[in-house]
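Taking it in order: structure first as structure tokens, then the write-up.
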Amino acid sequence: MVGLPVEVTVVNQPLVTGDNASLFEPTAKQAAFLSAYAACGVQRHAAELAKIAYSSLFYWQRDCKGFKDAMAEAYELAVQRAEEEAWHRALEGDTEELFNAKGEKIGERLKKSDVLLIFMLKGAKPAKYRDNITVNVENQIAVIAQQTGASPEEVKKALTEAAQMVGK
């Protein structure tokens, strides 16, 4: 098993902010799990890293006031780390060593991720960067009108209203 990619310490720190801050003081095992979860973002993996039974999470969420909120906060920290890493790989890149066929190092190059950049932009500005699809439905409107006995204008109106409802 791979160790934690970063050291995250949450022991003796408030894990829950706002109105719930005073409600939860983790046990050592809970703090170990929350630290691991904030670092890796995967519950089962964090439980293994913290050396606790995965099933303990379900009991703690049910029985320990504030634990569920602390888990949500730890997960947000993990997501923030993932976003930071994605931005780094997309915009700054990482140095990659280059080798020849004999295995000898011949240089380095900066490797960035265009795919990550595309997804980050789509997430940040979906109206501008989303995939747009244009569908011509004129022939289908005539078929629907004929099958239902409605006029093509009535079918268009109904489809427009339905599309607006779906978009909300």
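Would you say residue 116 is at pLDDT 90 or above and either under 24 Å from residue 82 (Cα atoms) or outside the structural domain of residue 82 (by TED's automatic domain parsing) (or both)?
Details: at pLDDT 90 or above: yes; either under 24 Å from residue 82 (Cα atoms) or outside the structural domain of residue 82 (by TED's automatic domain parsing) (or both): yes.
It is true that residue 116 is at pLDDT 90 or above and either under 24 Å from residue 82 (Cα atoms) or outside the structural domain of residue 82 (by TED's automatic domain parsing) (or both).
Please tell me if residue 159 is within 30 Å of residue 84 (Cβ to Cβ), outside any loop (DSSP other than H, G, I, E, B) and either of a type in the set (A, V, I, L, M, F, W, C) or at pLDDT 85 or above (or both).
Taking the combined requirement at face value, the residue does not satisfy it.
Can you name every residue in the stretch 26-37 that is part of a loop (DSSP other than H, G, I, E, B) and either polar (S, T, N, Q) or over 12 Å from residue 70 (Cα atoms) (or both)? Steps first, please.
Our first condition is that a residue be part of a loop (DSSP other than H, G, I, E, B); within the stretch 26-37, this holds for 26-27.
Correct list: 27 only.
The values are calculated or read from the model by the stated rules, or taken from the named source; none is laboratory data. Everything numeric here is computed off the predicted structure, so don't read it as measured data. Reconstructed Cβ throughout: ideal geometry from the backbone, glycine too, with neighbour counts over all protein chains shown.
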